[in-house]
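Enquirer: Okay, here's the structure, questions in a sec.
The values are calculated or read from the model by the stated rules, or taken from the named source; none is laboratory data. Source: prediction; values computed, not measured. Using ideal geometry, Cβ is built from the backbone for each residue, glycine included, and neighbour counts are taken over all protein chains shown. Just so you know, the surface numbers come from the protein's heavy atoms only, side chains and all, with ligands and any DNA or RNA stripped out. Shrake-Rupley method; radii C 1.70, N 1.55, O 1.52, S 1.80 Å.
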Amino acid sequence: MIGLSAVVVFTVLLPLAVASAGPAGSEGEGVDPAEGAPAAVADDQKARRAHAQCGPEVASPEGVEAQTCVLAEGRDAWARTYYRNATGEELDAVLTLMGPAGRTVQMHCAVGVGDEPGACETPHEPGAAGSAGGSAEEGKAEPWKYTAVSEFAGPDDGPLLLRSGSNSAAPAAR
C-alpha cells in the first residue's frame, strides 16, 4: 500500500516539478541565457497568457548565446530571441518568423556589446493561425505551426557567429 501511495504522489508531483524547472527548450518555457533559470518566457505566459515553443539555448565559441521562441496569444503569433553578447563587439541579428502558407516576418536587431541579456522580437502576426488548420480551438494561434530562426553575425555583413531556432534539435554554431 505504501508503494502504491508513493507511485501516486510521484505521478502527481513529477509534472509540477518539470513545469517549474524544465530544461531549456521545453515547450512553453524559456531560460534566461544569463542565469540558466526559467525567465522571461514564463513571465510572459503568466502576464499575457501567451504560449511559447522554444528551442534550446545555444552558444558560439566567440561568446554569443541565444534562445529563440515562437509565442502565441489568441490569434497572434510572433518570434522572440533572448541573447547575450560577450564577443566584445556589436553584432547584427536577424530574427525571422515563418508561418503557414509561406508567411514570413523579419526583424533586424542591433545587438550591443556587453554581457547583459537582451531580447529581440518580431511584430505580432495577427489572424494567420488556426483558421485554416482545423484546430480544436478555432481562431487560436498554434505556435507549433510556426518556426523562428535568429542569426547573429559580425557588423557590416560579417561572418555568421550563431544560428538559433525555435525547434532546433541540437546547437548550431557556425
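Enquirer: In the range 23-71, how many residues are assigned to a loop (DSSP other than H, G, I, E, B), modelled with pLDDT of 50 or more and hydrophobic (A, V, I, L, M, F, W, C)? Spell out how you get there, then give the answer.
Expert: Initially, the range 23-71 is screened for residues assigned to a loop (DSSP other than H, G, I, E, B), giving 23-30, 33-36, 39, 49-50, 55-57, 60-63.
Cutting the leftovers down to modelled with pLDDT of 50 or more gives us 49-50, 55-57, 60-63.
Imposing the further condition that a residue be hydrophobic (A, V, I, L, M, F, W, C) reduces the set to 50.
Selection size over the range 23-71: 1.
Enquirer: Somewhere in the range 151-168, is a residue among the aromatic types (F, W, Y), over 14 Å from Q53 (Cβ atoms), at pLDDT 90 or above and touching a Ser or Thr at 6+ places or on another chain (Cβ under 8 Å)?
Expert: Yes, the conditions are met somewhere in the range 151-168.
Enquirer: Of the residues in the range 72-91, how many are open to solvent by 30 Å² or more (accessible area, probe 1.4 Å), assigned to a strand (DSSP E or B) and under 15 Å from G118 (Cα atoms)?
Expert: Result for the range 72-91: 1.
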